[in-house]
Amino acid sequence: MKFLNNFYKKIQMKNLMSDYFYFTKRERNGLLVLVAISLLVLSLPAIARKFQAVEKYDFEEYKQVLAAASPDTKNTQESTQKNMIRPAVLNPQPIDPNTADKDGFLNLGLSPKLVNTIINYRNKGGKFYKAESLKKIYGMTDADYQRILPYLIFKDPPKQKQPRTAAVVVSQPIVTSPEVVIQNPDQKFDPNTVAKEALISFGLPENIVNRMIKFRNAGGKFAEPADLENVYGMKAVWVEQLMPWMEIAKREKIDPSKINLRKKKIVKKENPITDINTADYEDWQNLTGIGPYYADKIMSYREKLGGFISVDQIMETRGLPDSVKQSILPALRLSEIFRKLNINTASTKQMATHPYITWKQANAIYNYRKQHGPFKSKADLEKMLALTPAFINRINPYLNFTELEN
């Protein structure tokens, strides 16, 4: 019974396999055709190479050309080596590095670039005080320095600093001032009013008398004879000898009730009429609020401009207070400017020094003039796109359009 069951299961399995892997005749034919086409496609490159005609090349002629050219190549290399530019024959001579010319350095074997560096250093004021100074030159190698060292000489050796010698104190005789002998005056005197000659006649030293006069001129008063001792250099002995002849006038005491405590009326200083293009240093200081500092600034600004074309330009002076400007404007008068800028001959730097012209604008004017020729009038300036109409109107009064004479 068990055997029958196993047999039956095998039959069922076989049927199942046949159901999944069974092909019809049409399917089997199609599969065969597909396999044949695949094999044909894979074999086509091999078949093509087999039937392709291989072109044969004859290299004999090429080998002959190479054989014939090989000796010439060697000769060419030899001739090239022979004809190579040989370095110039050096003729080193002793030189002074502070005065030697370019050839002198080149004869020592230095490169032209290094020689130019040395020459430029000297042209800018550089000087070699000793051989080691050449080591500081840019591009100077130790090998270059060792090679030129035996040929360096210094015709004018630098002045060496002399050691400072200790100061020798020489004893000198002490100059003593002559002894002062006070003379008795002929009559009594007031030290606040007595003349200088009278004081000297009393025997007082002239330098002491000058100090007394200076004290009085500054508004000082001697209230009593003993006050004279406060004068620098005045000795008490001299004052005691002159005291019997001194008589100081007493000043009247002012009743405080009679003192006028009202403030004095400040009288405003009237400014003199001043020409702003011809006024000198003192003329400016005669104006209210203008001292030496502002006078110098105004004149310096006027010089840079070449003159003022309007009294309002005083307002452009840097640092000048507005109150001072407003107070002096009514007294200012105008005249012709004293210098104009020749726009056809001035360089970029000369134009840029004018306070109204920047370096960029000066450079644009210079390049336009170089390309289009001299400016004949204001209209030529207006053709420049780099300049604004406001700028042109501002500088036009300062420009001279005269062409340079040939």
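The values are calculated or read from the model by the stated rules, or taken from the named source; none is laboratory data. If you're wondering where the values come from, they're calculated on a predicted model, not measured in any experiment. So basically every Cβ, Gly included, is an ideal-geometry build from the backbone, and we count neighbours across all protein chains shown.
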Exercise for the section: Determine the pairs where a residue that is in the same structural domain as Pro355 (by TED's automatic domain parsing) and under 14 Å from Tyr356 (Cβ atoms), located within segment 310-332, has a partner that is surrounded by fewer than 15 Cβ atoms within 10 Å (Cβ to Cβ) and of a type in the set (S, T, N, Q) with Cβ atoms under 8 Å apart, the partner being 6 or more residues away or on another chain. Expected result: none
Exercise for the section: State whether the residues of segment 333-355 include one that is outside the structural domain of Tyr293 (by TED's automatic domain parsing), outside any loop (DSSP other than H, G, I, E, B), among the basic types (Lys, Arg) and buried (at least 17 other Cβ atoms within 10 Å of the Cβ). Expected result: no
Fill in the blank from the handout: Those residues of segment 379-406 that are within 16 Å of Met351 (Cβ to Cβ) and basic (Lys, Arg) come to a total of 1
Handout entry: All positions within segment 205-221 that are hydrophobic (A, V, I, L, M, F, W, C) and at pLDDT 85 or above
Key = Ile208, Val209, Met212, Ile213, Phe215
Practice task
Please work out which one of (1) on the phi < 0 side of the Ramachandran plot; (2) at pLDDT 85 or above is the condition Ile266 fails and give its number.
Solution key: (2)
Fill in the blank from the handout: A careful count of residues in segment 356-381 that are farther than 27 Å from Ser300 by Cβ, loosely packed, with under 13 Cβ neighbours inside 10 Å and not basic (Lys, Arg) gives 5
Handout entry: Residues located in segment 356-384, provided they are among the aromatic types (Phe, Trp, Tyr) and outside any helix (DSSP H, G or I)
Key = Tyr356, Phe375
